[in-house]
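The values are calculated or read from the model by the stated rules, or taken from the named source; none is laboratory data. Treat the numbers as computed from the prediction; the structure is a model and nothing was measured. Note: ideal-geometry Cβ built from the backbone for every residue, glycine included; neighbour counts use all protein chains shown.
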């Protein structure tokens, strides 16, 4: 019989998240949602990302910062929280796979954003 996320007690849910969402360099945490789901939250610091992408692409930090601000609709360079939610009706094996996929790169939930910004600044 399959086990679902909403059937897990706190310790089991914590173990599942901590064992599956690994390798992310940014600060992150998770919260339990109504219905037994979870929400993974990760800090995205536009300033730090600008410097990292600038070093990787050779673009000016200010240009990268502007691209990030435009992509996210930010008015300042304050950190923002990226989130990813998994419904409580999800089988625990699928939860583990989803968390592993989203933490496969050090950028974690921001990996796609990093790639989009890199493409934007390289394209000019």
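Run residue 117 past the list (1) free of Cβ contacts under 8 Å to residues at least 12 places away in the same chain; (2) touching a helix residue (DSSP H, G or I) at 6+ places or on another chain (Cβ under 9 Å) and report the number of the one that doesn't hold.
(1)
So for the range 72-84 (the condition being within 21 Å of residue 28 (Cα to Cα), in contact (Cβ under 8 Å) with a residue 12 or more places away in the chain, surrounded by 18 or more Cβ atoms within 10 Å (Cβ to Cβ) and out of contact with any strand residue (DSSP E or B) (no Cβ under 7 Å at 6 or more places or on another chain)), does at least one residue qualify?
Scanning the range 72-84, I find no residue that is within 21 Å of residue 28 (Cα to Cα), in contact (Cβ under 8 Å) with a residue 12 or more places away in the chain, surrounded by 18 or more Cβ atoms within 10 Å (Cβ to Cβ) and out of contact with any strand residue (DSSP E or B) (no Cβ under 7 Å at 6 or more places or on another chain), so the answer is no.
Quick one: residue 98 ticks every box in (1) within 18 Å of the chain's Cα centre (by Cα); (2) modelled with pLDDT under 95 bar one, so which box is it?
(2)
Could you give me the residue pairs with C-beta distances under 7 Å whose first residue belongs to the range 8-32 and is farther than 28 Å from residue 113 by Cα, whose second residue is at pLDDT below 95 and crowded, with 17+ Cβ neighbours inside 10 Å wherever it lies, and which are 6+ apart or on separate chains?
Close Cβ pairs satisfying both conditions: none exist.
Would you be able to say whether some residue in the range 38-54 is without any contact (Cβ under 8 Å) to a residue 24 or more places away in the chain, surrounded by fewer than 13 Cβ atoms within 10 Å (Cβ to Cβ) and over 16 Å from residue 22 (Cα atoms)?
So far as the range 38-54 goes, no, none of its residues is without any contact (Cβ under 8 Å) to a residue 24 or more places away in the chain, surrounded by fewer than 13 Cβ atoms within 10 Å (Cβ to Cβ) and over 16 Å from residue 22 (Cα atoms).
If you take the residues in the range 20-37 that are exposed (fewer than 14 other Cβ atoms within 10 Å of the Cβ) and out of contact with any strand residue (DSSP E or B) (no Cβ under 6 Å at 6 or more places or on another chain), which one is nearest to residue 7 (Cα to Cα)?
Selected residue: 35.
Could you name every one of the helices (runs of 4 or more DSSP H) located completely within the range 3-99 that has at least 1 residues being farther than 21 Å from residue 121 by Cα and touching a helix residue (DSSP H, G or I) at 6+ places or on another chain (Cβ under 6 Å)?
Those helices (runs of 4 or more DSSP H) span 10-20.
Give the range 55-66 a look and list any residue that's surrounded by 19 or more Cβ atoms within 10 Å (Cβ to Cβ) and touching a residue at least 40 places away in the same chain (Cβ under 8 Å), or say none.
59, 64
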